[in-house]
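For reference, the structure is listed below as structure tokens.
Just so you know, all these numbers are worked out from the coordinates, no wet-lab data involved. The shown structure was predicted, so the numbers you read here are calculated from the model rather than taken from an experiment. Every residue, glycine as well, gets a Cβ built from its backbone with ideal geometry; the counts of neighbours run over all protein chains shown.
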Amino acid sequence: MNATPSTPSTAETLRAQLGRLLDGLPPKQAAQAVDRLIANYRGTTPTDAPVLRDRSDVAAYAAYRMPATFEAVRSALEALADAAPGWAPGSHLDVGGGTGAAVWAADAVWGDAPRATTVLDWAEPALALGRELAEGSGIPALRATEWRGGRIEGALKLAGSDLVTVSYVLKELAARDRATLVAEAARAAQAVVVVEPGTPDGYLRIIEARDLLIGAGFRVAAPCPHDSACPIAPGTDWCHFSARVSRSSLHRQVKGGSLPYEDEKFSYVAAVRFPPSPVPARVTRKPQIRKGQVLLELCTATEGLRRDTVTKRHGPLYRAARDTAWGDPWPPPDQEDADDE
């Protein structure tokens, strides 16, 4: 949204910054740090201490995980922006933001809109590297970001902000602190976006956060088309989405494989204090394209979970279905009238 043909996008600038970071990162040390971070990311035990402990941890995290976090948060923020047309945050507080992927994502979504941005994290090495990446970006909003140290715990008090993001943080907290953090974010913000790994337990943390935000008077803007209880029967499935991530050289070194990309699975909720314009339905699985038809798994505003079969006889709606992706609204905004026919 903020790029011209002669200006690199925020995503391209981030990749360039991380590429420069990798130039001075010993491959073996980076791979060892990444292996430990992956084990923590996939584990089930929360911690009472920062996951990122030193410069090597932070550099490995930034090179390996920051692009995925950026793409997941950007997807969530784009869904919020679609549900709140004409609204842009004048201030943004990223709680537990580490190296700042969420503030890069906000820049990708809202571009040059004036914004006072703060990243709060308890890992000083992460803040230092985040500041270094932002200052090297050449992007005014990122270079003006304030980087503040502080523990993410039950006694945390947040300054008022239009937007509060909490991405890949609840997993790191002891259970007693999760609800307190979400409640404090709700007290401080006009809009709250929480992102977690797209795993069954990550989804459960999102549902807990969603319930707390609704209880605090918020309305769900995305991904859900409603504020009612999640229609997924507990234990049968989980709501999550996918974002395409370009693989760096470190990705290929650690994981192997030849594909130039991978898919980041994530769960999220975006909720606001003002009336949003949620989508009529959301595609909750990768569409199944078959001969002459497209099968869509949907979460709807009034019917809960539903499967739609869109065939060639639907004309433009069928063509739209073939171009629809996991996580997209349904029907597309320019096809809503056709869906009613």
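Under the classification rounded if a/c is under 1.5, otherwise prolate if a/b is larger than b/c and oblate if not, where does region 150-222 fall, given a ≥ b ≥ c as square roots of the Cα gyration tensor eigenvalues? Don't skip to the answer; put the middle values down first.
Details: a/c = 1.63, a/b = 1.11, b/c = 1.48.
Oblate is the answer for region 150-222, as a/c is 1.5 or above yet b/c matches or exceeds a/b.
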Taking every other residue with Cβ under 15 Å from the Cβ of I289 and scoring Lys and Arg +1, Asp and Glu -1, one gets +4
May I ask you to order 224-233, 175-184 by the average number of other C-beta atoms within 10 Å around their residues, highest value first?
-> 175-184, 224-233
Cα-projected label distance for L305 with A229, points at 7 Å along beta-carbon direction, nm | 1.5
